[in-house]
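A quick write-up on the structure given underneath.
Nothing in this text is a laboratory measurement; each read-out follows from the coordinates by a stated rule. Everything quoted here is computed from the prediction, not taken from an experiment. All Cβ positions, glycine included, derive from the backbone under ideal geometry; neighbour counts span all protein chains shown.
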Amino acid sequence: MPSTAGGIIREAVGSWPGVTVAPHRFGGVEYLYGKKEMGHVHGDRLADLPLPRRLHDEVVSSGRAQPHHVLPETGWVSVWMKGPEDAAGVIELFRLQYERYAKISSQSSV
C-alpha cells in the first residue's frame, strides 16, 4: 500500500472503472474519465479539480477545498495536502467527479 498522499490517491482513483491515469501537461498526474479530465495531482502536496459552480461553491464553503490557487475566479478548486492523512478528502472529491461524469456518460448513451 502506498504511503504518500499522491500514491494513495493514484491507487484509489486509478482503480475505478473507466478512469485512466496520465502525465499532466503542467506536471503531476491527471485522472481522466473517458476524455474528460476529472482533476490532477501535483506530487503529494496539491490537487486541482474542475467543478461546476454550484459544487465549487459547496466544497469551498464547507472547507473541503479552496478556490484554485492560480485561477480563483474559475470553477476549479485546489486542495493543499500536508501528508497522507489528507488523501482521503481528495479521493472524496474525485469520487464526486467520477459519479458526476459517469452519470453524464450514461445519460448520453441512452
About its Cα centre, what dipole magnitude does the chain give when the only charges are +1 on Lys and Arg Cβ and -1 on Asp and Glu Cβ, stated in debye to the nearest 20? 280
How many nm separate the modelled label positions at residue 24 and residue 102, each set 7 Å beyond the Cα in the direction of the Cβ? 2.2
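Applying a 10 Å radius around every beta-carbon, put 58-66, 96-104, 38-46 in order of their mean neighbour count, most first. Walk me through the intermediate numbers first.
On the way: 58-66: 14.0, 96-104: 15.8, 38-46: 20.1.
Those peptides, ordered most packed to least, come out 38-46, 96-104, 58-66.
Semi-axes, largest first, in whole Å: what does sqrt of 5 times each Cα gyration tensor eigenvalue give for the chain? Walk me through the intermediate numbers first.
On the way: eigenvalues 80, 64, 32 Å².
Listed largest to smallest, the semi-axes of the chain are 20, 18, 13 Å.
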Run the numbers for residue 95 and residue 66: contour at 0.36 nm per residue of separation, minus the present Cα-Cα distance, in nm. 8.7 nm
At q = 0.13, 0.27, 0.28 Å⁻¹, what log₁₀ I(q)/I(0) does region 3-59 have when each alpha carbon counts as one equal point scatterer in the Debye sum? -0.33, -1.13, -1.17
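Any chance you could run the full-extension gain for residue 73 through residue 45? It's 0.36 nm times the residue separation minus the Cα-Cα distance, nm to one decimal.
Values: separation 28, 0.36 × 28 = 10.08 nm, distance 2.16 nm.
In short, 7.9 nm is gained.
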222 nm mean residue ellipticity, helices alone, for the chain (DSSP H n ≥ 4; -39,500 (n - 2.57); rounded to 500): -11500 deg cm²/dmol
